[in-house]
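Taking it in order: structure first as structure tokens, then the write-up.
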Amino acid sequence: MLPTRFANQDVSLFDRLFNNDMFNGDFSDPNSTLPSVNVKEDENKFSVEMAAPGLNKKDFNIELNNNELSISSEKKEEKEHKEGERYTQKEFSYRSFKRSFTLPNIVDGDNISAQYKDGVLHVDIPKLEEAKPKPPKQISIK
């Protein structure tokens with residue numbers, strides 16, 4: 001069901017898919033920001049690009065539950081100190097995020113793929129064959 005503000009408007013599937021009304025973001029530290037996301041659509045798929053520098057592919061968890069795609073990460077870092085060493089400051093950090101997107105029924109959830117390269121997570125969400133545009137068909141008159 002579309003939000004009320006879309007009820008009487010011609011809104012593209014792309015706009016509905018990633019509109020703020022359908023976005024659910026969580027973040028463990030309120031002073032931190034969520035990773036930036038670019039979303040592209042072509043006739044065959046949706047592509048999500050998430051800027052997440054400093055992480056490794058093992059730091060990500062991507063999950064599809066019904067038609068909700070969740071991308072999350074959790075990373076802990078501690079600076080090691082030698083045993084018996086006294087310190088007045090010990091630095092460690094903890095970063096985590098979760099972004100969730102409601103996917104339309106036209107995507108092929110069984111064939112979603114992801115790749116992490118140069119600080120950017122790339123997630124490809126293919127469309128079902130029946131949802132892809134078809135070339136014009138000539139209909140003969142009988």
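Being among the basic types (Lys, Arg) and over 14 Å from residue 47 (Cβ atoms) is the filter here; which residues of region 102-142 pass it?
Once the filter is applied, which keeps residues that are among the basic types (Lys, Arg) and over 14 Å from residue 47 (Cβ atoms), region 102-142 yields 132, 134, 137, 142.
State the number of residues belonging to region 125-142 that are surrounded by 15 or more Cβ atoms within 10 Å (Cβ to Cβ) and modelled with pLDDT of 90 or more.
3
Could you run through region 50-61 and say how many residues are in a strand (DSSP E or B) and either surrounded by 15 or more Cβ atoms within 10 Å (Cβ to Cβ) or at positive phi (or both)?
Within region 50-61, residues that are in a strand (DSSP E or B) and either surrounded by 15 or more Cβ atoms within 10 Å (Cβ to Cβ) or at positive phi (or both) number 2.
The values are calculated or read from the model by the stated rules, or taken from the named source; none is laboratory data. The shown structure was predicted, so the numbers you read here are calculated from the model rather than taken from an experiment. So basically every Cβ, Gly included, is an ideal-geometry build from the backbone, and we count neighbours across all protein chains shown.
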